1. Residues to consider are 114, 172, 192, 135; find the one that is among the hydroxyl-bearing types (Ser, Thr, Tyr) and surrounded by 15 or more Cβ atoms within 10 Å (Cβ to Cβ).
2. Of the residues 58, 70, which single one is at pLDDT 65 or above, out of contact with any strand residue (DSSP E or B) (no Cβ under 8 Å at 6 or more places or on another chain) and closer than 30 Å to residue 155 by Cα?
3. Just to be sure I understand, how many residues within segment 162-204 are over 22 Å from residue 139 (Cβ atoms) and in a helix (DSSP H, G or I)?
4. Mind listing just one residue for me: the one in segment 121-161 that is assigned to a helix (DSSP H, G or I) and touching a Lys or Arg at 6+ places or on another chain (Cβ under 7 Å) and, of those, modelled with the lowest pLDDT?
5. Exactly one of these conditions fails for residue 90: (1) under 26 Å from residue 62 (Cβ atoms); (2) polar (S, T, N, Q); (3) touching a Gly at 6+ places or on another chain (Cβ under 7 Å). Give me its number.
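The values are calculated or read from the model by the stated rules, or taken from the named source; none is laboratory data. Just so we're clear, the structure is a prediction, and the values are computed from it rather than from any experiment. Cβ placement follows ideal geometry from the backbone for every residue including glycine, while neighbour counts extend to all protein chains displayed.
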Amino acid sequence: MASMKAERRHELKHNELADWIGELAEGVKPHATGVLIGLAILAAVVLGSVWYFSGETAAASRAWSQYFYAFSERDPQKVLQNLASEQSGSKAAWWALEAVADMNVGEGAALLYSDRAEAKKRLEAAKEAYLKVESAGDPMLKTRARLGLGKVYESLCEPEKAREYYDKVASSEKDSAIGKAAAADARRMKDSREVEFLAWFDKQTPKRPAPFPGVGGTTPGLPSSLPDRPDVNLSKFIDSVGTSADVPPPPIFPPPAAAPPTATPPETATPEAAKTGDSKSAAVPPATPDHGEKKQPE
């Protein structure tokens, strides 16, 4: 009897659920088209997001590969500048631009002792790049850019502006090594002796030193510049193994520079008299030494 009541309650619940589903289907039926369109839009948004973020990850990976590969190139500054222009807005592009600025400030500071015009040109390029990097949202990049701007203004003999940027780095990075170094630089820019030295150094006009003898381009047989590096990438050869594709020819290396011929010293002529004297001295037998013995007459 109890089992029959339980089965009856189960049937009643089942019927109530079926009736509720039927009523819900009848109520949704007029809006079925709109519901299907909404589901289709939602699926498109999800698929588009997956495709976009996967493409974004692949592009970021390629950009970082170019960034690290640039430092093994003969002219890394050119490669990094192209990366910063082509991948503008990406994190790798910001770091590439910051690296270009670091290279310019290093080269410009070194040229201050030989070529002031070229040095200021490099320092201005570094300042422009640092100001762009400072506007990036990355806190680490902003700190490095401000520290670089301090170095630029110090190299341009502007201690007040240099101290301003050093103070910014010191206040934002109080407990870090870079913040402590910036604080020391800021104190140095307040030193009257440092300010007087920068004022004196700014008035100097150093000249480019004369080239050393024997440097390439001044001695015959030595090249004035290195040739272009040949393409030694083996991927073309590896990809063509086991296929019917034409194997590309091996790279052609430039021939070595020919060494100048060495001059042979001329033979010295021997006088005839010396030759005759030598022949005579060779023909005369050596004298027998006299040991003090005398022959008695017979």
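1. Numbers: 114 fails: surrounded by 15 or more Cβ atoms within 10 Å (Cβ to Cβ); 192 fails: surrounded by 15 or more Cβ atoms within 10 Å (Cβ to Cβ); 135 fails: surrounded by 15 or more Cβ atoms within 10 Å (Cβ to Cβ).
Only one candidate passes the filter, namely 172.
2. Working: 58 fails: closer than 30 Å to residue 155 by Cα.
So the residue among 58, 70 that is at pLDDT 65 or above, out of contact with any strand residue (DSSP E or B) (no Cβ under 8 Å at 6 or more places or on another chain) and closer than 30 Å to residue 155 by Cα is 70.
3. Residues that pass the stated criteria total 15.
4. Let us first name the residues in segment 121-161 that are assigned to a helix (DSSP H, G or I), namely 121-134, 139-155, 159-161.
Going one step further and asking which of them are touching a Lys or Arg at 6+ places or on another chain (Cβ under 7 Å), we end up with 134, 146, 149, 152-153.
Numbers: 134: 92, 146: 95, 149: 96, 152: 96, 153: 97.
Across segment 121-161, the extreme among qualifying residues is 134.
5. The number of the failed condition is (3).
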